[in-house]
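Here's the structure, in structure tokens; my notes come after.
The values are calculated or read from the model by the stated rules, or taken from the named source; none is laboratory data. Worth saying up front: this structure is predicted, and the values here are computed from it rather than measured. Every residue, glycine as well, gets a Cβ built from its backbone with ideal geometry; the counts of neighbours run over all protein chains shown. Accessible surface is based on the protein model in full, side chains and every heavy atom, while ligands, DNA and RNA are left aside. Shrake-Rupley method; radii C 1.70, N 1.55, O 1.52, S 1.80 Å.
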Amino acid sequence: MTADKPATSSMGSAFSRRSVLGGIGTGALLAGMPGIAFAKEAGTNFPGLTRIIQQYVAEKKVAGMMAMIGFGQTEPQVIAAGTLTLGGGKPVGPDTLWRMYSQTKPITGMATMMLVEDGLISLDQPLSDIFPEFADMQVLVDPEGALDNVEPAKAPITIRQLQTHTAGLGYTIISKGPIQKAYLAAGLTPGRVSRSVIPGIDPGAPTPDIMTFVKRLSELPLVYQPGTQWSYSLSHDVLSAVIEKVSGKPLDQFLQERMFGPLGMKNIFYQVPANRAVDLADNYAPFAGALIPIDPGATSIYLDKPPFAFGSTGLVGTAGDYDKFLQMLLGFGTLDDVQVMKPETVKLGMSNLLPETANTKGTWVANHGFGAGGRSGLGTTVSPAGTFGWGGAAGTSAFVDTARGLRAGGYTQYIPSNSYPFQSDFPKYVYADLTGTTQAGAGKTSP
């Protein structure tokens, strides 16, 4: 490592394993949503949510925060407070760029569904049809045990399992023991955090390209038998490779041609253009009552070209651009008369795709379903029908409610995401205002 090339921190071992990777910390993302219609007298100015956002900023728990909420495909309401940098600078606004982290997963999930719609792959197709090196996989007898204590896989990895984190793959932010160390040594890390080494995050560098990534992954044992256990994983990075192999185009190009371009998503990037650094919010780590800057926007690692387009994390964009993705989901594949997917494909992607054999007890999706990269409702009191969404490592949260025609996104920048309850409670804040009930968490911004 040379002096003129700063160390980079990738998403290795986490600050706490249940929080650093987007989506974790969103265990309650779609929980507790009321199964009732919105109160007629409920206003659309979201007073409770506005108060909470203003409190976060006033108490300097975050530099800035935004929420974008809308019905159907109408213009969203925007709530914004604070600045891109703690203590001053450019105010948060429509041009603000946010690190989406695992909010990338539903986008990759829907891109994968496009290939299903095209008839190029199927949900229950073995991954080994596309990458033969994944045939005859070995599985750890003990998920945290020795790498040579293995048994043969009893079933093949499938596309469905990759979509739903049931393929048996590990994750450096979740796995423990020898397999985690092996992933780090092989560069099987899911993204980037900072140019600087951060305590608690291994500075392992990702593989130089996606095909090297899948080759090295295939050479290591699985953590669980395929189809048996829901376990947050780097499966959407594998889907990035599937998309490239099947379509002949890397994920970022595929997304630009099939989704971002048609939907008018002009402000979403894997590499932030140099002239947009002024719009990139700083990312912080809350520590001992203070905010420690870990990735200032002006010098962010996201100004560099990534090794490849990560399917699990890596997108940076405006709240408005992500809102267009949510609008497309509510429109079941169509936005402003532009159709990018068939309605039945989008509905399938937002439905429960979990294999019947998969155990979810004690996980973030217990009593819920899981679709194409996001949590989905099962039609129960705790898991309302029509809901689909996920969150990101830096405290962001986004979901749609197709039964009620609602879409909502909450944006801020702090790691780990469970430092505050904003991410996990964001849907509750939205629904409390819409139903006219007491605002959950109002006046309480500490964990």
Original post:
In whole angstrom, and with the biggest value first, how far do the Cα coordinates of the stretch 309-447 range along each principal axis?
Top reply: 43, 37, 37
**OP:** Place +1 on the Cβ of every Lys and Arg and -1 on the Cβ of every Asp and Glu in the chain, take the dipole about the Cα centre, and give the residue among Gly311, Gln103, Phe260 whose Cα lies farthest towards its positive end.
**Re:** Gln103
Original post:
Treating the beta-carbon of each Lys and Arg as +1 and of each Asp and Glu as -1, no other charges, what is the dipole magnitude of the stretch 349-438 about its Cα centre, to the nearest 20 debye?
Top reply: 20 debye
Original post:
Considering only protein heavy atoms, what per residue accessible area in square angstrom results for the chain with a 1.4 angstrom probe?
Top reply: 36 Å²
Original post:
Over the stretch 308-432, what percent of the accessible surface lies on carbon and sulfur atoms, probe 1.4 Å?
Top reply: 49 percent
Original post:
Using a ≥ b ≥ c from the Cα gyration tensor of the stretch 216-297 (square roots of the eigenvalues), is it rounded, prolate or oblate, where a/c under 1.5 gives rounded and otherwise the larger of a/b and b/c decides, a/b for prolate?
Top reply: oblate
Original post:
Among the lysines, which fall within straight-line cross-link reach of Lys61, defined as a Cα-Cα distance under 19 Å, with same-chain neighbours fewer than 8 residues apart omitted?
Top reply: Lys90, Lys444
Original post:
Which Cα, out of Gly227, Val272, Ile243, lies furthest along the positive dipole direction of the chain (beta carbon charges, K/R +1, D/E -1)?
Top reply: Val272
Subject >> Above-threshold pairs, the threshold being 28 Å between Cα atoms, out of Lys249/Lys324; Lys181/Lys266; Lys249/Lys428; Lys176/Lys361; Lys324/Lys428; Lys176/Lys324 >> reply: Lys181/Lys266; Lys249/Lys428; Lys176/Lys324
Subject >> Cα gyration tensor shape for the stretch 97-192, rounded if a/c is under 1.5, else prolate or oblate >> reply: oblate
**OP:** Give, as a single signed number, the net charge of other residues whose beta carbon lies under 12 Å from the beta carbon of Leu354, with Lys and Arg counted +1 and Asp and Glu -1.
**Re:** +1
Subject >> Ranking by accessible area, most exposed first, for Ser122, Ser419 with a 1.4 Å probe >> reply: Ser122, Ser419
Original post:
Long-range amide H contacts for Lys90: which residues qualify at under 5 Å (H placed 1.01 Å from N, peptide plane, sequence gap of 5 or more or a different chain)?
Top reply: Leu84, Thr85
**OP:** Would you please give the residues with an amide H less than 5 Å from that of Ser383, counting only those at least 5 places away or on a separate chain, with H modeled from the backbone geometry?
**Re:** Leu378
Original post:
Under the rule of -39500 (n - 2.57) per DSSP H run of 4 or more residues, summed and divided by the residues of the chain, what mean residue ellipticity at 222 nm is obtained, to the nearest 500 deg cm²/dmol?
Top reply: -6500 deg cm²/dmol
**OP:** Starting from the amide H of Thr158, placed 1.01 Å from N in the peptide plane, find each other amide H under 5 Å away whose residue is 5 or more places distant or on another chain.
**Re:** Leu127
Original post:
How much net charge surrounds Pro250 when only other residues with a Cβ under 13 Å from its Cβ are counted (Lys, Arg +1; Asp, Glu -1)?
Top reply: -1
Original post:
Could you state the principal axis extents of the C-alpha atoms in the chain, from the largest down, to the nearest angstrom?
Top reply: 59, 53, 39
Original post:
Nearest 0.05, what FRET efficiency do Lys215 and Ala385 give at R0 = 56 Å with Cβ-Cβ as r?
Top reply: 0.85
**OP:** Place a +1 charge on the Cβ of each Lys and Arg in the chain and a -1 charge on the Cβ of each Asp and Glu, then give the dipole magnitude about the Cα centre in debye, rounded to the nearest 20.
**Re:** 840 debye
Subject >> Electrostatic dipole magnitude of the stretch 151-266 [Cβ: Lys, Arg +1; Asp, Glu -1; Cα centre; debye, to 20] >> reply: 100 debye
Subject >> Calculated SAXS-style log₁₀ I(q)/I(0) at q = 0.11, 0.17 Å⁻¹ - the stretch 214-366, Debye, Cα scatterers >> reply: -0.62, -1.26
Original post:
Considering the dipole of the chain built from charges on the beta carbon (Lys and Arg +1, Asp and Glu -1) around the Cα centre, which of Gly386, Met341, Gly436 is farthest to its positive end?
Top reply: Gly436
**OP:** Rounded, prolate or oblate: pick one for the stretch 362-412, where a ≥ b ≥ c are the square roots of the eigenvalues of its C-alpha gyration tensor, a/c under 1.5 means rounded, and failing that, prolate if a/b is larger than b/c, else oblate.
**Re:** oblate
Original post:
When the Cα centres of the stretch 268-312 and the stretch 127-203 are compared, how far apart do they sit, in Å?
Top reply: 26 Å
